[in-house]
1. Only four residue types carry charge here, +1 at the Cβ of Lys and Arg and -1 at the Cβ of Asp and Glu. Report the dipole size of the chain about the Cα centre in Debye, rounded to the nearest 20.
2. Ignoring ligands, DNA and RNA, what accessible area per residue does the chain give at 1.4 Å, in Å²?
3. Taking Cα atoms, how many degrees apart are the long axis of helix 44-53 and the longest axis of the chain, rounded to 10 and kept between 0 and 90?
4. Taking the chain, which trypsin sites (Lys or Arg not before Pro) meet the DSSP loop condition and have no more than 14 other C-beta atoms within 10 Å?
5. Going from most exposed to least, what order do 43, 8 have by accessible area with a 1.4 Å probe?
6. Got the relative contact order for the chain handy, in percent, Cα pairs under 8 Å and 6 or more residues apart?
7. Please give the calculated 222 nm ellipticity per residue for the chain, where each DSSP H segment of at least 4 residues contributes -39500 (n - 2.57) and the sum is spread over every residue; nearest 500 deg cm²/dmol?
8. Answer rounded, prolate or oblate for the chain, using the Cα gyration tensor with square roots of eigenvalues a ≥ b ≥ c: rounded when a/c is under 1.5, else prolate when a/b is larger than b/c, else oblate.
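The values are calculated or read from the model by the stated rules, or taken from the named source; none is laboratory data. Predicted model, so just to flag it, every value in this text is computed and none were measured. Here Cβ is always computed from backbone atoms with ideal geometry, including for glycine, and neighbour counts include all displayed protein chains. The area values use the complete protein model at the heavy-atom level, side chains included, leaving out ligands, DNA and RNA. Shrake-Rupley method; radii C 1.70, N 1.55, O 1.52, S 1.80 Å.
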Amino acid sequence: MKLLLDSTRCQGYGLCQEPAPELVELDEWGYANVIAVVVPAGTEDAARACAESCPNSALRVEG
Ligand code: SF4
């Protein structure tokens, strides 16, 4: 599974980090950066929750 960010859609709400701090970090303005594009085993549910938490559909899981 991959966690993919379309940074052109990220508006810096910062909501995506809470369900998956091990997968996403925020920069100083609150914009997301995916730490683990290839989702580590055992964190698939966190990756899905992370993608679903984004109000702007900037994150998605694939695979
Ligand atoms: S919740 Fe969405 S818009 Fe907000 S920082 Fe995360 S990816 Fe960007």
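1. Values: 4 positive and 10 negative charges, 43 e Å.
Rounded to the nearest 20 debye, it is 200 debye.
2. 62
3. 30
4. Values: sites: 2, 9, 48, 60; in loops: 9.
Listed in order of number, the matching sites are 9.
5. Values: 43 20, 8 115 Å².
Highest to lowest solvent-accessible surface, that is 8, 43.
6. Working: 115 pairs, mean separation 28.9, N = 63.
This gives 46 percent for the chain.
7. Details: 1 runs with 10 residues, N = 63.
Computed ellipticity for the chain at 222 nm equals -4500 deg cm²/dmol.
8. Details: a/c = 1.73, a/b = 1.50, b/c = 1.16.
Prolate, because a/c is 1.5 or more and a/b exceeds b/c.
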